[in-house]
Amino acid sequence: MLKLSSINRMATLTRFYSLKSKKIILDASNLEFTKRNEIILKNLHKYYPSISRLDNDNSVDAYQKISIKKFNETYSNLDNDNSEVKLSIYGRIKKIRFSGKKICFIDLINNYNKQLQLIVNYNNIQNINNEQEFYEVLHFLKNGDYIQSFGFPGLSQSKFKTLSLKCNRLPIIISPAQLPLPPKLNDHNKIKNNRVIDYQVNGISTIILRSFINKQIRKFLDERDFVEVETPILSRQSNGAIAKPFVTKLSSSIENGKEKLLQLRIAPELWLKRLVVGGIDRVYEIGKVFRNEGIDQTHNPEFTTLEFYQSYASMEDLIKQAEQLFKYIITSLHESEIVKESVRCKEIVDSLYNTLSENDWRFNRIDFLPTLTKEFNNEINFNEIDLNDPTAILDCLPEHVKAELFQGVSQNKLSPQQILNKLCSHFIEKKYCNNLLPTLICNHPTVMSPLSKTDAMKGNVSKRFELFINGTEFINAYEEENCPQLQEQKFLQQKNSSDCYGDEEALPIDNNYIESMKWGMPPIGGLGLGIDRLCMLLLHKTRIEEVLSFGTLSDVNRQ
């Protein structure tokens, strides 16, 4: 039972008694939530009726249920009132306005924030005894209440001729708001602490747009004969990316006298590639992955990715797929009505649409090692350096570069991957990838890409690319290593790096995956896309919590 002490108090109640009938009459213009809740709590079944009970009400059998969206679509071209049609509509009250004592206007919304005006005119209401009852019922309503309304399609008498439901019965409360909504909610911390209020006050356009983006991704892949699957989240050993996993225990299974340890997946990659070995030539998954890392502007320990794998796809095929995917999503958003309702989203979508269409929907390309060589004025040819040897790389670098990039770090403890990642971030990503035109960094050193196919012609680079927009990485893609022996060598090389340099950024050896490869893995191209970051870009958001239903993990823990 709800305690009244927990209900927010707002104003005082004006209440007087009719001496003739001894009936309590409520001056509802000043009725506040605390006292209204006293009335609600005395008759919970009345104010929280089951839909089944309402459906069995013979007095409203003639009324056909219809959604706000369907009502607006069906009667958008209405010229005159149509009192022959009887409709019943559910919705939440957004705003109530009175025009004198006998007319009330109610703005009703649904889950898509589609709005409908109700016109409740005393002269049209059938199930009513007198003006006092009309007054009491309507003034008892509050913003946030869910109601069932009854009436016929019509037009307001104002100059705008607004499409409305003209009520011929009083609305019924089917779930009252027991707490008052603030008229505005702009404080960032308050939004993070209570998304329920945020969505009620500021709307759910972000959620609707994110859903639309996911639908376009699925539609794009489904049209190209990809099969959507779900792969394990819990397993003995997570793999497929370089990250620290979350570890949990399985209480029902004991191993060596202890509960068996399990890990949450950090990527679905190796499971999806097993499915290709199993016979699915084109496969994808949109799902959650978990990495035991910090929270910042673009990172959350729990996030959503798309990964797809396609047999016989080269790196060039993957680049074309990525370009076509972006064109598909951005064009769909550009032409969608829901984007027009979000000014910030429309602004960035239009900019991306214009930028990419002017470039014939092609991405800009940067070649990793040649670009790095150019940044050092061709004085260092990185193609001639043993990139597996960190000492060889460091010895070539000028002292001021080493001091700037690796300050406070013991250089004899740096792995090749760490050095090359730092050089790429400083000399390539920051300089060439900070614009709206999507830019690819391609042909990464093999030592940085243990799961990717090595370029047989060059030997020291892999058929891999990363996609950046405005300095943020969105895609990682490559031709997959499909030879079990070479894959084992690359796993061992990573392990040696971890052992020698204490490098945590190394993939563990997955022998079961290597064994599955021996059944025959076709040449595969694979692509991973961060859904949260894509939504941040397309919805013009600056922080990841703005595109997550309940924010980051720290926000979730406060709600």
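The values are calculated or read from the model by the stated rules, or taken from the named source; none is laboratory data. Just so it is clear, the structure is predicted and the values come from calculations on it, not from any experiment. Here the Cβ positions follow ideal geometry from the backbone for every residue, glycine too, while neighbour counts run over all protein chains shown. Accessible surface is based on the protein model in full, side chains and every heavy atom, while ligands, DNA and RNA are left aside. Shrake-Rupley method; radii C 1.70, N 1.55, O 1.52, S 1.80 Å.
Here the condition is being aliphatic (A, V, I, L, M), farther than 30 Å from residue 346 by Cβ, in the same structural domain as residue 421 (by the TED database) and in contact (Cβ under 8 Å) with a residue 60 or more places away in the chain; of 277, 247, 229, 289, it holds for 277 alone. Among the residues of the range 244-268, the ones that are open to solvent by 70 Å² or more (accessible area, probe 1.4 Å) and closer than 19 Å to residue 292 by Cα come to 4 in all. Do we find a residue being under 16 Å from residue 99 (Cβ atoms), assigned to a loop (DSSP other than H, G, I, E, B), modelled with pLDDT of 90 or more and open to solvent by 20 Å² or more (accessible area, probe 1.4 Å) anywhere in the range 141-152? The answer is no; no qualifying residue exists. In the range 271-298, the qualifying residues are those that are touching a strand residue (DSSP E or B) at 6+ places or on another chain (Cβ under 9 Å) and charged (D, E, K, R), and the one that is nearest to residue 217 (Cα to Cα) is 285.
On inspection, residue 221 passes the criterion of being over 26 Å from residue 490 (Cα atoms), crowded, with 19+ Cβ neighbours inside 10 Å and not acidic (Asp, Glu). Looking across the range 332-348, the residues that are assigned to a helix (DSSP H, G or I), over 16 Å from residue 214 (Cβ atoms) and either in contact with a Lys or Arg (Cβ under 9 Å, 6 or more places away or on another chain) or open to solvent by less than 70 Å² (accessible area, probe 1.4 Å) (or both) come down to 334, 340, 344, 346, 348.
Residues that are within 13 Å of the chain's Cα centre (by Cα) number at least 1 in the following helices (runs of 4 or more DSSP H) confined to the range 502-559: 531-538. Of all the residues in the range 278-324, those that are surrounded by fewer than 19 Cβ atoms within 10 Å (Cβ to Cβ) and either among the basic types (Lys, Arg) or not in a strand (DSSP E or B) (or both) number 21. Just to be sure, is residue 352 under 30 Å from residue 491 (Cβ atoms), surrounded by 14 or more Cβ atoms within 10 Å (Cβ to Cβ) and out of contact with any Gly (no Cβ under 7 Å at 6 or more places or on another chain)? No: the conditions fail for residue 352. Scanning the range 447-464 for residues that are of a type outside the set (D, E, K, R) and open to solvent by 20 Å² or more (accessible area, probe 1.4 Å) gives 448, 454, 456, 457, 459, 460. Yes or no: residue 482 open to solvent by 20 Å² or more (accessible area, probe 1.4 Å), modelled with pLDDT of 95 or more and part of a strand (DSSP E or B)? In short, no.
Just checking, does the range 232-242 include any residue being assigned to a strand (DSSP E or B), open to solvent by 60 Å² or more (accessible area, probe 1.4 Å), over 26 Å from residue 318 (Cβ atoms) and assigned by the TED database to the domain that holds residue 327? There is at least one residue in the range 232-242 that is assigned to a strand (DSSP E or B), open to solvent by 60 Å² or more (accessible area, probe 1.4 Å), over 26 Å from residue 318 (Cβ atoms) and assigned by the TED database to the domain that holds residue 327.
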